[in-house]
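To keep things clear, I will list the structure first and then write my remarks on it.
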Amino acid sequence: LEETDLAELVSSEIGAAKSIGRQMGAEMSLVTQGDCIVECDPRRIRRIVRNLLSNAIEHGRQHPIEVHLAADNDCVAVTVRDHGVGFQTDQAELVFHRFWRADPSRNRVLGGTGLGLSIALADAHLHNGWLEAWGKPGCGAQFRLTLPKNPSIELIASALPLEPEDNNA
């Protein structure tokens, strides 16, 4: 584990994804609040963030992607919000199942094996963190990663809401 500034890590991953995002018509923005330093394995957290960004680009239907980071005394949370196809409320847990797809008939543009979110969830759990999903058909999805600042801390709340304020748009 390393002391890692998640604001820098997430900003770097957004920078790496901007080119493909532009090609797919999706601009990305980042808003950060608070001290976003956590003890983590930065390689695994990069993998989670990269997966969330690529999924947002893939499913965002050329709409903006909003990334938020916030911290409180115990944790740092990252949300990735797209305004694309979304999914049914009862599918929020299913998105983390291996090979699961909300619309199996839909062709993927960026490729993928169907393992990304399953691996991301396992990586979050290795850090005693949470990875959760919210979706609404036609309104998009938001994924929230919550990590304790120190892995010995047991999470009881997140620094960001799971459901976006703009959940109707």
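The values are calculated or read from the model by the stated rules, or taken from the named source; none is laboratory data. Only a predicted model underlies this, so the values are computations on that prediction, with no experimental measurement involved. No Cβ is skipped: glycine too gets one built from the backbone with ideal geometry, and neighbour counts run over all protein chains shown. Note: accessible area is taken over every heavy atom of the protein model, side chains too, but ligands, DNA and RNA are not part of it. Shrake-Rupley method; radii C 1.70, N 1.55, O 1.52, S 1.80 Å.
Is it the case that some residue within segment 64-82 is open to solvent by 40 Å² or more (accessible area, probe 1.4 Å), at positive phi and of a type outside the set (Ser, Thr, Tyr)?
No: zero hits.
One residue stands out in segment 128-167 among those that are polar (S, T, N, Q) and either open to solvent by less than 30 Å² (accessible area, probe 1.4 Å) or touching a strand residue (DSSP E or B) at 6+ places or on another chain (Cβ under 8 Å) (or both): the one that is farthest from Gln88 (Cα to Cα), namely Asn150. Selection of segment 1-21 for residues being open to solvent by 50 Å² or more (accessible area, probe 1.4 Å), in contact (Cβ under 8 Å) with a residue 40 or more places away in the chain and assigned to a helix (DSSP H, G or I) yields only Ile20.
When segment 28-57 is examined, which residues are found to be outside any strand (DSSP E or B) and open to solvent by 10 Å² or more (accessible area, probe 1.4 Å)?
If the condition is that a residue be outside any strand (DSSP E or B) and open to solvent by 10 Å² or more (accessible area, probe 1.4 Å), then Gly34, Asp35, Asp41, Pro42, Arg43, Arg44, Arg46, Arg47, Arg50, Asn51, Ser54, Asn55 are the ones that fit.
Restricting the first member to segment 127-140 and to residues that are in contact (Cβ under 8 Å) with a residue 60 or more places away in the chain and within 20 Å of Cys75 (Cα to Cα), and the second to residues that are of a type in the set (A, V, I, L, M, F, W, C) and part of a loop (DSSP other than H, G, I, E, B), the beta-carbon pairs closer than 9 Å and six or more apart or on different chains are His127/Leu1. Residues in segment 1-15 that are modelled with pLDDT of 95 or more and over 18 Å from Phe143 (Cβ atoms): 7 in all.
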